[in-house]
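The block underneath contains the structure these notes are about, expressed in structure tokens.
The values are calculated or read from the model by the stated rules, or taken from the named source; none is laboratory data. Because the structure is predicted, anything quoted here is derived from the model rather than measured. Note that we place each Cβ from the backbone using ideal geometry, even for glycine, and neighbour counts take in every protein chain shown. Keep in mind that these areas ignore ligands, DNA and RNA; they rest on the heavy atoms of the full protein, side chains included. Shrake-Rupley method; radii C 1.70, N 1.55, O 1.52, S 1.80 Å.
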Amino acid sequence: MAELDVRDPRFERLVDAGAELRTLNSGMGFTEGPVYVAEGGYLLWSDIPNNRLMRWSEADGASVFREGSNNTNGNTLDRQGRLVSCEHSGRRVSRTELSGEVVTLVDSYHGGKLNSPNDLAVQSDGTVWFTDPPYGLPLDGDRNRTGMEQDAHYVFRLNPDSGDLTAVADDFEMPNGIAFSPDERLLYVSDTGPSSHIRVFDVSPAGTLSNGRVFAVVDPRGPDGFRVDTEGNIWTSAGDGIHVFDPAGVLLGKILCPEQPSNCTFGGPEKRTLFITARTSLFAIDVNAAGAQAP
Ligand code: MG
């Protein structure tokens, strides 16, 4: 049975007291970037240090989906069902065509290489929004990241058809998780720097951000990756498990996890299973909420 920390009665409606936290896989290096491929009925996720993408399905269990992934981190699907991935060592955002070919969507900004794209979300107009902290760059002896060619840790908006890349935010310490509200009028971006918070922005029809404000501070840190359900609640990784916030930023409760989660995503036939990547393991729990993320 999952260990729950109920902070608001509304949480009891979202997660049953007797819900089970299942361990679907373990023994990975560091897991991230879960995405559910509804058409195939399977989950993909990144095992970053082992440079591979993994696959899990109810019927087949876990297997390697791709060896040599350029250390993918965040993954999502675009509206055509194509896998779009942030690559640490590739320093790019890539797309896997339906043929299986992997192509570069973007790998530079203003003539310099991207840092190490971390996580992403695809808007319904096809634009790809992603964060670019330097977590994937090599460390020197003083544990500083080396090889950075950008002057900031940007949040970007990419038009994959035109190739236009726009920096939409430049004041994050470590921009990380990113997701839209169900109506796409709000964009949430987390900061896994010392502030350990999630910020929310208003999104204009032209694709610009305004009115940035702190949505919630995540304690214990940190809000690496998160997803939004159809009611606008935020399900985010935190130091002790998954924290669920209502659209006003009120903490409703926690799903405590035996390993620290990095990210989560909704999947399964009704999008009512929450898959959780947590250090060496992949967990799942059936909940009474459905993911809002496309497709
Ligand atoms: Mg991340």
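For first residues located in region 149-168 and in contact (Cβ under 8 Å) with a residue 24 or more places away in the chain, partners that are open to solvent by less than 40 Å² (accessible area, probe 1.4 Å) and of a type in the set (S, T, N, Q) and lie 6+ apart or on another chain with Cβ distances below 6 Å form the pairs Gln150/Asn115; Val155/Thr131; Arg157/Thr127; Asn159/Thr127. Give the residue that is least open to solvent (accessible area, probe 1.4 Å), with candidates limited to residues of region 29-75 that are part of a loop (DSSP other than H, G, I, E, B) and within 16 Å of the ligand (Cβ to nearest atom). My answer is Ser69.
Here is the figure for region 131-154: residues that are touching a strand residue (DSSP E or B) at 6+ places or on another chain (Cβ under 8 Å), more than 16 Å from the ligand (Cβ to nearest atom) and of a type outside the set (Gly, Ala, Ser) total 5.
Among the criteria (1) more than 16 Å from the ligand (Cβ to nearest atom); (2) closer than 16 Å to Ser124 by Cα; (3) under 19 Å from the mean Cα position of the chain (by Cα), the one Ala179 does not fulfil is (1).
Just checking, does region 251-267 include any residue being free of Cβ contacts under 8 Å to residues at least 40 places away in the same chain, open to solvent by less than 20 Å² (accessible area, probe 1.4 Å) and within 14 Å of the ligand (Cβ to nearest atom)? Checked against the condition, which is being free of Cβ contacts under 8 Å to residues at least 40 places away in the same chain, open to solvent by less than 20 Å² (accessible area, probe 1.4 Å) and within 14 Å of the ligand (Cβ to nearest atom), region 251-267 yields at least one hit. If you check Glu259 against the conditions, is it modelled with pLDDT under 95 and not hydrophobic (A, V, I, L, M, F, W, C)? Taking the combined requirement at face value, the residue does not satisfy it. When Glu87, Glu39 are checked against the criterion of being within 19 Å of the chain's Cα centre (by Cα) and acidic (Asp, Glu), a single residue qualifies: Glu87. Please indicate, with yes or no, whether at least one residue in region 2-23 is in contact with a strand residue (DSSP E or B) (Cβ under 9 Å, 6 or more places away or on another chain), among the small types (Gly, Ala, Ser), within 16 Å of the ligand (Cβ to nearest atom) and in a loop (DSSP other than H, G, I, E, B). No, every residue in region 2-23 fails to be in contact with a strand residue (DSSP E or B) (Cβ under 9 Å, 6 or more places away or on another chain), among the small types (Gly, Ala, Ser), within 16 Å of the ligand (Cβ to nearest atom) and in a loop (DSSP other than H, G, I, E, B).
When residues in region 234-250 are screened for being open to solvent by less than 10 Å² (accessible area, probe 1.4 Å) and within 16 Å of the ligand (Cβ to nearest atom), 7 of them pass.
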